[in-house]
Amino acid sequence: MNNIRATLAIVWRIAIPYFRSEDKWAGRGLLAAVIVIELLLVAIDVLVNQWYSRFYNYLQERDWNGFVWELGVFTLLASASVALSVYQLYLNQWLQIRWRQWLTRHYLGEWLNSATHYRMQLKGDAADNPDQRITDDVRSFVEQTLNIGIGLLSSIVTLLSFVVILWGLSNAAPLHISGLDFPIPGYLVWAALVYAIFGTALTHWIGSPLVNLNFEQQRYEADFRFNLVRVRENSEQIALLKGEGAERERLLLRYGYVVGNWYAIMSRTKRLTAFTASYSQAAVIFPFILTAPAYFAGKIQLGGMVQTGSAFGSVQKALSFFVSAYRSLAEWRAVVARLDGFEMSVASAVNLPAHEPAIALEVAGRHIDLEQLCVNLPNGTPLVAAKAFTIQASERVLVTGPSGSGKSTLFRAIAGIWPFGTGTVVVPEKAKLMMLPQRPYFSVGVLRDAVVYPAAPGAFDAAQVREALIAVGLPDLAERLDEDGHWNRMLSLGEQQRLGLARALLHAPDYLFLDEATASLDEPSEARLYRLLAERLPQATIVSIGHRSTLDAFHTRKVALVKDGAIHVVGGERTAAEPSAAR
């Protein structure tokens, strides 16, 4: 019971924001229409149940006129039922796509807000494969929540409607055994109740493992798909290392988890289906067994017997809602758990727990100041520290240090995407920061849009983009601005780094951080590009991470990360002109 309440609380938390959103009136209107149509369909079922009595009585009495009349009545009821069912499906699907669209935008906004997606990855929490949660899980949640919710409402209304009918039929056709009547009020209702309770309890006992099995199946499927994508994205490195055999074994191992869990689902589903199918078949004949003695004793007519069977079936079906929908409920609970885990993971990435320290970000002053900063790994291990470090406007700073000393992580802390640690990072108000890593990112699509990213397409005209590409030494690409492609795959790393610098020229940031952003270029090309940055961005502050001594000539200040026990500290400063003069 506690699990049910917890699941319903989660469903409410996930579902209700849409019906309070800017699209609330459309959502509420569509939901109301679907519910009203469902109520009308139940009303038609009640009318059809009454029609059974009249129709079969006319058959028993061989009344031709009554028979023809009831055929006309049935035609009208059936036509109305078909029309309502069609429009209910149409409106239900319309509501599904609007609700899914809103949820997708909401989750994308939360996931791609202020580097939340990056922090979630760093923390290694429960939100594995967020792509699946935003696609498959959102779709399944909306579809199954509506179907299960409408199904449950239909069962409740059907139960209330047909219990009254079945109670009256029980009194009209008393329990008749061995020539004796047993006047048990509403005995057919009690029989349906006992039958449904028995079926529900046994179904839950057989099918309860399906909840966890479905949860694991979705996780294994997503994990297998994610690793297939990883192979596709890194196909060149795999081919160079001749790692196809290793990748095949690794992928087959992960697919083995998919198959093994699926076999467990098959086994459990087989048992559940065997019971529910037997249960449903027995429910067809059960009411006729109860009423047959009264019919053969002449207590009721054929129409009354058929109407009783129909009413009993409706009550039993309503009471057995959880039996018939158990597998859907198991899959739905797994989806709800995954979306709940995703929301919790997003919240955890946005707001670190109170007991965990976090780097404070402030907007003030005219320079970048690191005050008593200690950058940690996600597990809390100290990595790099800066007690009092300032990057002045228009400075050229070269940061050096051994691999693994925390240079790139220090850049991430300054950019505001690395919260793990203590101290404060102060950034000037309205200052434009741009970070260029060693392997820049380019969106898949038109080259012009990839270069101006993250600006919107069309933010820079074609002439500006073309001129920037020519300036960084890519004249051939300057003629391919409208070409569509996967540029991280199509270009060498050196060409990608040139494209990254073209992006910097276009955006003209106030602070440009280069994390070995020219490491794949030869030294003469690197020197030309640094001179280009000095010429085109004379007021920009440039902070570089690099290991080549030739970079000293393009920086006015050199900062080394020095090991101090288990941590590296920002120190060992000197002007970068010294080595240049020595040459």
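Below is a table of values for the structure above.
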| item | result |
| --- | --- |
| Global geometry of segment 1-156, whether rounded, prolate or oblate, following the gyration tensor of its Cα atoms and the 1.5 cut on a/c | prolate |
| Farthest positive-ward along the chain dipole, Cα basis, beta-carbon charges - from 421, 64, 384 | 64 |
| Size of electric dipole in the chain: Cβ of Lys, Arg +1 and of Asp, Glu -1, about Cα centre, debye, nearest 20 | 680 debye |
| Relative contact order of the chain, defined on C-alpha pairs under 8 angstrom at six or more residues apart (%) | 14 percent |
| Net charge, residue 525 excluded, C-beta distance under 13 Å - Lys, Arg +1, Asp, Glu -1 | 0 |
| Computed [θ] at 222 nm, helices only, for the chain once each DSSP H run of length n ≥ 4 contributes -39500 (n - 2.57) | -21000 deg cm²/dmol |
| Debye intensity ratio I(q)/I(0), log10, the chain, q values 0.06, 0.07 Å⁻¹ (C-alpha model) | -0.52, -0.65 |
| Given charges at Cβ of Lys, Arg, Asp, Glu: segment 360-582 dipole, positive-most of 440, 501, 361 | 361 |
| Gained length - residue 122 relative to residue 455, 0.36 nm times residue gap less alpha-carbon distance | 117.3 nm |
| Cβ-based exposure ranking for 8, 152, in which fewest neighbours within 10 Å come first | 8, 152 |
| Ordering of 297-310, 558-571 by packing [mean C-beta count within 10 Å, highest first] | 297-310, 558-571 |
| Average Cα contact separation per residue, segment 2-350, under 8 Å, 6 or more apart, as relative contact order % | 31 percent |
| Pairs of Cα atoms farther than 24 Å apart, segment 2-350, % | 68 percent |
| Rounded if a/c under 1.5, otherwise prolate or oblate - segment 360-582, Cα gyration tensor axes | prolate |
| Dipole of the chain, positive direction: furthest Cα of 78, 454, 289, with charges on the beta-carbon | 289 |
| Theoretical gain in end-to-end length, residue 164 to residue 8 [0.36 nm per residue, Cα-Cα removed] | 53.2 nm |
| Taking segment 1-102 and dividing mean pair separation by its residue count, relative contact order in percent (alpha carbons under 8 Å, at least six apart) | 38 percent |
| Sum of side-chain charges, residue 483 neighbourhood, beta-carbon under 12 Å (Lys, Arg +1; Asp, Glu -1) | -3 |
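Only the coordinates and a few stated rules stand behind these numbers; no lab work does. What you are looking at is a predicted structure, and each value in this text was computed from that prediction instead of being measured. Note that each Cβ is placed from the backbone with ideal geometry, even for glycine, and that neighbours are counted across all protein chains shown.
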